[in-house]
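Notes follow the structure.
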Amino acid sequence: MQGSKKGMALLGQTLRRTFKRERDRRRYANSPYAWLFQPYMGEELVALACESLPGETPVLSVAAVVLNQQQVHTSQAWVATFADPQTVDQTALRQHQRLYNPATAVPLCAETLHAFTDFIGNRPLVGWQLDQQFCMLNRAFRAHLGFGLPNVQVDVAKLHQRQLRRLHPLVESSQPFSEALACWQVPAISTQRLLGKATASALLYMRLQRDMAQSG
């Protein structure tokens, strides 16, 4: 019964997300962002990792790296911290940058979010526990651009749980990211750094895709 309720809740979330995406697609059909709502026809994806400090002057760090089914293109990466330099707590900002090692700090505004969308495009997004990671990012998109991220999203945590239950029904599938990486023998990467976490998410996605293809 509990599993059924959880499944219905996930279905409800998916339907709400689909409804919002369709509503936004129609609303921005004649805007410069219309292409973001179009189906992606290529072979690339973008792995994302986000960390945030909420509050009156929020700090949001994001790392994105491009991948396909064969490799992660670490030379194609985007790493930055979004923060208002005029109002942000400078101590909190320095701590965030020290922890997650973003390349630069930029204002959280329409212009910088536009630059971010230029990088990710309409490619599918891959990451670990995306609903949690994208909460503040989607809030920023809606506040400054009027819509949430419209990209197709692939939650690697859910892929991991599904494949683990399929192979080992009695094994506990709710594991932290580090244990999931070890479970699928993904090379150790410094996941404390945001780009490392995004890259590890990409590698885990590729490993799971290969395993699912081999197991049919």
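A simple rule links phi to the HN-Hα coupling: the Karplus curve 6.51 cos²θ - 1.76 cosθ + 1.60 with θ = phi - 60°, which for the range 154-170 gives 10, 8, 5, 4, 6, 4, 4, 5, 5, 6, 5, 5, 5, 7, 9, x, 8 Hz, with x for Gly and Pro. Within the chain, antiparallel bridges make up roughly 70 percent of the DSSP beta bridges whose residues both belong there.
From its DSSP helices (H runs of at least four residues, each -39,500 (n - 2.57)), the chain gives a residue-normalised ellipticity at 222 nm of -15000 deg cm²/dmol. Scattering from the range 82-216 was approximated by placing one identical point on each alpha carbon and applying the Debye formula without solvent; log10 I(q)/I(0) at 0.10, 0.15, 0.19 1/Å stands at -0.41, -0.86, -1.19. Our summary gives the range 93-156 a relative contact order of 38 percent, counting only alpha carbon pairs under 8 angstrom and 6 or more residues apart. In this simple spin-label approximation, H144 and A34 carry label points 7 Å from Cα along the Cα→Cβ vector, and these lie 2.5 nm apart. Close amide H contacts of L108 (hydrogens built in the peptide plane, cut-off under 5 Å, sequence separation of 5 or more or a different chain): A83, D84. For the range 121-134, putting each phi into the Karplus relation 6.51 cos²θ - 1.76 cosθ + 1.60 with θ = phi - 60° gives couplings of x, 9, 5, x, 9, 10, x, 9, 6, 4, 4, 6, 5, 8 Hz, in residue order, rounded to whole numbers and with x for Gly and Pro.
Heavy-atom accessible surface of the range 90-216, averaged per residue, reaches 50 Å², computed with a 1.4 Å probe. In a shell of Cβ-Cβ distance under 12 Å around T112, excluding T112 itself, what net charge do Lys and Arg (+1) and Asp and Glu (-1) give? Net charge around T112: -3.
By the compact-protein rule of thumb, 2.2 N^0.38 Å, the alpha-carbon radius of gyration of the range 93-155 corresponds to a ratio of 1.18.
Counting heavy atoms of the protein chains alone, M212 has an accessible area of about 40 Å² for a 1.4 Å probe.
Taking each residue as 0.36 nm, the span from Q95 to E43 lengthens on full extension beyond its C-alpha to C-alpha distance by 15.0 nm. If you take the charge dipole of the chain about its Cα centre, with +1 on Lys and Arg Cβ and -1 on Asp and Glu Cβ, which of A29, Q95, C109 is farthest toward its positive end? Result: A29, furthest along the dipole toward the positive end.
Which FRET efficiency value, to the nearest 0.05, do you get for H168 and F119 by plugging their Cβ-Cβ distance into 1/(1 + (r/R0)^6) with R0 = 41 Å? Calculated value: 0.60. Of the solvent-accessible surface of the chain, computed with a 1.4 Å probe over protein heavy atoms with every protein chain present, carbon and sulfur atoms account for 52 percent. In this Cβ point-charge picture (+1 for Lys and Arg, -1 for Asp and Glu), the chain has a dipole of about 720 debye about its Cα centre.
The values are calculated or read from the model by the stated rules, or taken from the named source; none is laboratory data. For clarity, every value in this text was computed on a predicted model and none was experimentally measured. For neighbour counting, all protein chains shown are included, and Cβ atoms are generated from backbone atoms with ideal geometry for every residue, glycine included. Heavy atoms of the whole protein, side chains included, go into the accessibility calculation; ligands, DNA and RNA do not. Shrake-Rupley method; radii C 1.70, N 1.55, O 1.52, S 1.80 Å.
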